[in-house]
Amino acid sequence: VGGVRVWCSVLLAEPAPGPRSAWRVLPGPGKQGAGMGGVATSRPQHHGHHCPTGDGAGARAGQLHCRQPRPEPQVLWPGLSAQHAGNRILLRWVGALRLSLSRNFLSCLTNIFFLNIFPCETSGCDAQSADFLTTAAVHVVGAKNCEFSDITVAHTGGYGVWFADGTVGCTLDSSHVYDMGAGAVRVGLGISGEVNPPSKRTEYNSITNNILFDGGYTYQEGCGVLAQAVAFTNISHNIIRHFSYTGVSLGWNWGYRATTTHDNYVGFNAISEIGLGVLSDMGCVYTLGIQHGTQVINNVCHSVLSFNYGGWGYYTDEGSSNMTYKDNIAYNTKCAGHHQHYGLDNLLTNNVYAQVNTMKCDGGVRSSQHGGHSIKSCQHIDPNSGEDQGECSNFRLETNIVYTPAPPVLYSTVAYGFMNFSLDHNDYWQLTDQQTWVLPTNNSNSSWAMWQQEGKDQHSVRADPQFVNPGAEDFADLKPTSPALPLGFKPISTAKVGPQTEQGVGGLSQNAVTALRKASLTLPAVQSVELTARERALHDQGWEDTLAFRRRQHRQRMH
């Protein structure tokens, strides 16, 4: 790691009045904030304790680091701005104080600890979701009940914000994280094949009402949100846009092994421009491993373009089990609207998969159950048996609309790939070849009649669902005469998808946020005079940037 090291006064603080002393950060050396009299100190004292300059405190520029436990912890960071860095820490918090930061206090954090990204530009940096990275611009470890609100994190070499192992009850809300070397936000710590010990469990955290935009400049595999071995996590009402890998990645255990990932919520997010033709094997929402109680609800996913295989909308990968996908929309995806590699007892209901499989990779909905036994009981899976767990897979596909440009509406990698699956009350439609219906029956791809003889889709129909305005990529509204309605399908409202704030997000005005939210739901171009020059330039360039050019630009912005 080389480059310039700039020292900033990032620990100037004073006790706030009141019975439970909090900490306010002053505007800077020699500047006294309104209503914040007294002498500032670079060694915050709290309830009779202080953070020493030796072990336990980060005295380096751009690093706030205190390990001492605090009673009734609550950390508040309104208006923080952390920008221009390589893959090193701009702000690190270990443990918890009650602290508030004023807007733009960290604007002096320019050119701190540049990351040497030349090896990545010449030979590549490759690993799933850039999980190997050990820092983020704002790195929170083991904290309790902290809140980052209306902050901006930009122009960094790795991830922007990381609620790491042991962090409980923290929130990132109404914030703008953009121009990332990897992804925007991480939550948790991935320990594949193992159950995280209690001290490292990351629970009850929220990523809400944010704009997470434009990443993968150094580490292409960075995700919009990467959540690993987490529980009771709320990822909702975000705009997640323009990443060269997955939008939201949730889980981290391959197969059916025990995991601490459960009861998570991914809802009302607008996720678009995923893949960018750079990487393969991704989706707007990607899950991995058993996840009891996890719900993926009312998201809008579109414009997924992989380099080769696997530009899917929603992707339940190896072992994904016990989850509900409901009221989601996927459209304009290179491959299937939903792909399940293998998993158990997932419910896919009241979703719309429209204009998916645009490049004829597979079908409208795909199963990649592994080959092997043609008849396999999947009720009791022993992950330590040594058997191929991929031979066992199922989900319930009920009351959905599958609307594809061409056949097939369903696709399997093996002839019996839907044997253990339950499908009914669905509306299937092909815009072309309406006389050719190829279904993956147990013997071979065959007719609709043979499919129903095997007990599949007994009450489903093959009919145009009658979207009100499909030409404008509006797949939420149906005409009153839609054949999907008698099947029990309920039209999906997108009114609450994306940030639901009234004060703007991370320095962007409310008008700009509204324009971005509307644009994130459809394909047409963003038209807003309040978009930054950077955002306009990105939009004008579209998906035609070469990777080298994008990396060069990003390096210049970091400097």
Return the total of residues in region 323-346 being in contact (Cβ under 8 Å) with a residue 60 or more places away in the chain, open to solvent by 10 Å² or more (accessible area, probe 1.4 Å) and part of a strand (DSSP E or B). 2
Quick one: would you say GLN295 is closer than 26 Å to VAL195 by Cβ and open to solvent by 10 Å² or more (accessible area, probe 1.4 Å)? yes
How many residues are at pLDDT 95 or above, farther than 15 Å from ASP281 by Cα and part of a loop (DSSP other than H, G, I, E, B) when one looks only at region 225-252? 4
Hey, ALA519 hits all of (1) modelled with pLDDT under 65; (2) buried (at least 16 other Cβ atoms within 10 Å of the Cβ) but one; which does it fall short on? (1)
Let me spell it out: the conditions are (1) surrounded by 23 or more Cβ atoms within 10 Å (Cβ to Cβ); (2) closer than 15 Å to GLU398 by Cα, and THR349 meets all of them except one. Which number is the exception? (1)
So how many residues does region 366-404 have that are among the hydrophobic types (A, V, I, L, M, F, W, C), at pLDDT below 90 and open to solvent by less than 30 Å² (accessible area, probe 1.4 Å)? 2
If you take the residues of region 422-467 that are at pLDDT 95 or above and aliphatic (A, V, I, L, M), which of them is least open to solvent (accessible area, probe 1.4 Å)? LEU423
For region 196-222, give me the residue count where each residue is modelled with pLDDT of 95 or more, crowded, with 24+ Cβ neighbours inside 10 Å and not polar (S, T, N, Q). 3
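Conditions (1) under 12 Å from the mean Cα position of the chain (by Cα); (2) under 19 Å from CYS361 (Cβ atoms); (3) without any contact (Cβ under 8 Å) to a residue 40 or more places away in the chain, marked per residue:
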position: VAL278; (1), (2), (3): no, yes, no
position: HIS292; (1), (2), (3): no, no, yes
position: ILE297; (1), (2), (3): no, no, yes
position: CYS301; (1), (2), (3): yes, yes, no
position: TYR314; (1), (2), (3): yes, yes, yes
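The values are calculated or read from the model by the stated rules, or taken from the named source; none is laboratory data. What you see is a predicted model, and the numbers here were worked out from it, not measured in a lab. With ideal geometry, Cβ positions are generated from the backbone for all residues, glycine too; neighbour counts draw on all protein chains shown. SASA here: full protein model, heavy atoms, side chains in, ligands and nucleic acids out. Shrake-Rupley method; radii C 1.70, N 1.55, O 1.52, S 1.80 Å.
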